[in-house]
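Q: Sharing a structure with you now.
The values are calculated or read from the model by the stated rules, or taken from the named source; none is laboratory data. If you're wondering where the values come from, they're calculated on a predicted model, not measured in any experiment. For neighbour counting, all protein chains shown are included, and Cβ atoms are generated from backbone atoms with ideal geometry for every residue, glycine included.
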Amino acid sequence: MRGRAVRLLARRLAHAVIDPEVLVIGAGPAGLTAATYLGRFRRSTLVVDGGAPRACWIPLSHNTPGFPAGISGPDILRRMQDQALEYGAVVTPGRVTALARDGEGFVARIGDHAVRARAVLLATGVVDHHPDLAGVERAVQRALVRICPICDGYEATDKAVAVIGHSDKGAREAAFMRTYSDRVTLIHIGPPEALTRQTALGRLGVEVVLADLDAVVLEQDRVTALTWGGRTRAFDLVYSALGTSPNADLAKQLGARLSADGRLEVDLHQATSVPGLYAAGDVVRGLNQIAVATAEAAVAATDIHNRLRRIDGLTIPE
């Protein structure tokens, strides 16, 4: 009963947004892991949940440590949120629309509220670029269209795989999938000149189709049919290699340093170029993995705690 009571209290508190010591923006694996660590460091922590983090798309993850039989994305998030609430974190729905410096700390705008915090962790993730096709979101949820070959390429072993791409990123992903299958087809939907590795793909045994994609048809439960130029082919799995866009707008408002691909640059402690502003998870680097996001969040939360201890004079000089 204690866990349920904590969750109910947290929901009530979420409606009266209070100023925390640490503001965590994003309630995916990175944000919730940081909230658990910060709670156990006895730091008051507010997590702003913008809804539908990328992990909620995962039908069943088989490479999440500790779950050999697999676990769904929604189940991962539910367990992580329960754990964060257990240690006093407050999770509130909403979106941070503005973030600015406020003396040595920060002030964030959440709806009609201005929330002040001594430190901020950005766990805002990325947005996937899905093919512009009817029903593609449902196909992702059914694991017929996939977005992460590192996560679940193993499940494509010996299957007929299509990779949808519009640049050499698609070529690299198709080459990666040859680890698992000798039946890989790259459907290049971008301009022909954007694909410069077609000869190399041929040497790897990857078929290349240069055509606009017309439709994705789900047949039964495990077959995806792709149609282009009047032709239809059936594949066991389809991977979208159309890239992502990092959610880094709040960091830009503060002038944080970004890498060439728009992700946040951080140091070994996950600190950005703005003092007191940290980042973890997919918004930081391209290896979009839950295990990576949670590890970065643990590093960030620990450094936030130690930084605040130093500011408060609660450390012993080395």
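Q: I'm checking my understanding of the structure. Among residues of segment 10-35 that are of a type in the set (Gly, Ala, Ser) and at pLDDT 95 or above, which one is farthest from LEU308 (Cα to Cα)?
A: GLY28
Yes or no, residue by residue, for (1) farther than 16 Å from LEU237 by Cβ; (2) touching a Leu at 6+ places or on another chain (Cβ under 9 Å):
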{"residue": "ALA119", "(1), (2)": "yes, yes"}
{"residue": "PRO131", "(1), (2)": "no, yes"}
{"residue": "ALA139", "(1), (2)": "no, yes"}
{"residue": "GLY153", "(1), (2)": "no, no"}
{"residue": "GLU193", "(1), (2)": "yes, no"}
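Q: Could you tell me which numbered condition ARG78 fails, if it satisfies all but one of (1) without any contact (Cβ under 8 Å) to a residue 12 or more places away in the chain; (2) in the same structural domain as VAL163 (by TED's automatic domain parsing)?
A: Every listed condition holds for ARG78 apart from (2).
Q: Let me ask something else about it. Please determine whether any residue of segment 60-80 is under 23 Å from HIS269 (Cβ atoms) and loosely packed, with under 15 Cβ neighbours inside 10 Å.
A: Checked against the condition, which is being under 23 Å from HIS269 (Cβ atoms) and loosely packed, with under 15 Cβ neighbours inside 10 Å, segment 60-80 yields at least one hit.
Q: Moving on. Might you check whether a residue that is of a type in the set (Ser, Thr, Tyr) and under 17 Å from THR124 (Cβ atoms) occurs anywhere in segment 235-248?
A: Checked segment 235-248: at least one residue is of a type in the set (Ser, Thr, Tyr) and under 17 Å from THR124 (Cβ atoms).
Q: Got a sec? Which of ALA256, ALA300 is outside the structural domain of ILE147 (by TED's automatic domain parsing), part of a loop (DSSP other than H, G, I, E, B) and modelled with pLDDT of 95 or more? Reasoning before the result, please.
A: Values: ALA300 fails: part of a loop (DSSP other than H, G, I, E, B).
Within the list ALA256, ALA300, the selection yields ALA256.
Q: Please determine whether any residue of segment 118-125 is β-branched (Val, Ile, Thr) and within 21 Å of the chain's Cα centre (by Cα).
A: Yes, that holds for at least one residue.
Q: Follow-up. Going by the structure shown, is ALA52 modelled with pLDDT under 95, of a type in the set (Gly, Ala, Ser), surrounded by fewer than 21 Cβ atoms within 10 Å (Cβ to Cβ) and assigned to a loop (DSSP other than H, G, I, E, B)? Lay out the reasoning, then the answer.
A: Values: modelled with pLDDT under 95: yes; of a type in the set (Gly, Ala, Ser): yes; surrounded by fewer than 21 Cβ atoms within 10 Å (Cβ to Cβ): yes; assigned to a loop (DSSP other than H, G, I, E, B): yes.
So ALA52 fits the description; yes.
Q: Got a sec? Which strands (runs of 3 or more DSSP E) wholly within segment 73-164 have at least 1 residues that are among the aromatic types (Phe, Trp, Tyr)?
A: 105-110
Q: Now a separate question. Please find, within segment 131-147, the residue that is farthest from the chain's Cα centre (by Cα) out of those that are under 20 Å from PRO246 (Cα atoms) and surrounded by 16 or more Cβ atoms within 10 Å (Cβ to Cβ).
A: Result: PRO131.
Q: If I ask for residues that are over 24 Å from VAL24 (Cα atoms), part of a loop (DSSP other than H, G, I, E, B) and among the small types (Gly, Ala, Ser), which ones from segment 56-72 would you list?
A: Once the filter is applied, which keeps residues that are over 24 Å from VAL24 (Cα atoms), part of a loop (DSSP other than H, G, I, E, B) and among the small types (Gly, Ala, Ser), segment 56-72 yields GLY66, ALA69, GLY70.
Q: Mind checking whether some residue in segment 259-277 is without any contact (Cβ under 8 Å) to a residue 60 or more places away in the chain, assigned to a helix (DSSP H, G or I) and under 22 Å from the mean Cα position of the chain (by Cα)?
A: no
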